[in-house]
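Any read-out appearing in this document is the output of simple, stated calculations on the displayed coordinates, not a laboratory observation. The model shown is predicted, which means the values in this text are computed figures rather than measured ones. Note that we place each Cβ from the backbone using ideal geometry, even for glycine, and neighbour counts take in every protein chain shown.
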């Protein structure tokens, strides 16, 4: 099959963007179709468009919405590199930042200068995201002075507002109904907080898992990653599945393991010294059981919301004194802004950049045209 696609960078992620009408009619075939396109399972994804990294093995399916007040509907897919698996359970905030530009460039949303607001309904979480995209001469503006850690150069800012994002996957702010849960590990019990805002995260203190909180991705040992997955899968079992084994196989992407530590000066992946007074915490996140090179946007949103909650493990780490939080991750510092309404979080905003890299066709190895007759 010859399928029209676009390859876009959104924040610190890269993915294949596909119009909904180009997907197999039978939803059962979506997994096989996306695995085919990305070249999975294969660690190098040599026979597809995947980049051999969880940050570049993603897909976005976009549909013009017929719902009043919504411009486009967006489904996110995390395509496994090593397994015959596509995870649709959560969203990706970085990929979300490219949905607005894609919709405008594809004519799904009219370009309105100087800023086009795109109301996006994420089908994974059943939540609305509002993207503010700069437009110039009827086209998406890509050049600008906005710089985000983990991406070379600068670009035009794209503002994402996440509203009413709690319970995105599990339907609950605290999936277990507890602000703190205790998980037994091989080294004894530890306290964790499982919070679901934009995406479910399981937070642990760095010191409780034998880490400093300043580790860079290459410094995590195989043994430490296995230990962290044990904790993550136990958390997944508590809020999504009946066994840890089932959680690891069926939900490798959520909840995401997140290690939190107080501010402290560290060197990022580019050798830049990040000063303690320039951050409110240090954070290290896992993505598909591998260390994230930066920080997932949904992770930043969830951490920000968690900082304003009471009686979680975050309360010992982050001192909330203002509505702008600075999160220190392996590639630098990301800032989030909270809009408070009547003493409660109204929405959480973050800035990203995105751009179209390629527009053309991908050739699949199998034919999905007659998907209805194959069902």
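In plain terms, the chain from residue 44 to residue 185 could stretch by 47.5 nm, reckoned as 0.36 nm per residue minus the Cα-Cα distance.
For residue 143 and residue 273, the FRET efficiency from 1/(1 + (r/R0)^6), where r spans their Cβ atoms and R0 equals 35 Å, is about 0.75.
Using 0.36 nm per residue and subtracting the Cα-Cα separation, the extra length available between residue 66 and residue 25 on full extension is 12.9 nm. Peptide packing: for 9-22, 217-230, the average count of neighbouring Cβ atoms within 10 Å per residue gives the ranking 9-22, 217-230, highest mean first.
Label-to-label distance, residue 154 versus residue 249, with points set 7 angstrom from Cα along the beta-carbon direction: 5.1 nm.
Suppose the chain between residue 361 and residue 176 were pulled fully straight at 0.36 nm per residue; how much longer would it get relative to their current alpha carbon spacing? Walk me through the numbers on the way to the answer.
Details: separation 185, 0.36 × 185 = 66.60 nm, distance 4.41 nm.
Fully extending the segment from residue 361 to residue 176 adds 62.2 nm.
Rounded to the nearest 10 degrees, the angle from helix 93-105 to the longest Cα principal axis of the chain is 20 degrees.
Between the Cα long axis of helix 222-239 and the first principal axis of the chain there is an angle of about 80°, rounded to the nearest 10. Just one of (1) 68, 27, 15; (2) 33, 28, 19; (3) 31, 25, 20 is semi-axes √(5λ) of the Cα gyration tensor in Å as worked out from the coordinates here. Which one is it? Correct label, based on the coordinates given: (3).
Each principal axis of the Cα atoms in segment 181-338 has its own extent, and those three values, largest first, are 42, 32, 26 angstrom.
Add -39500 (n - 2.57) for each DSSP H run of 4 or more in the chain, then divide by its residues: what number comes out at 222 nm, to the nearest 500 deg cm²/dmol? Walk me through the intermediate numbers first.
Numbers: 6 runs with 62 residues, N = 375.
It lands at -5000 deg cm²/dmol.
The residues 146, 281, 302, when put in order of fewest to most other Cβ atoms within 10 Å, stand as 146, 281, 302.
Using only Cα atoms and rounding to the nearest 10 degrees, what angle (0 to 90) does helix 297-307 make with the longest principal axis of the chain? It is inclined by approximately 30 degrees.
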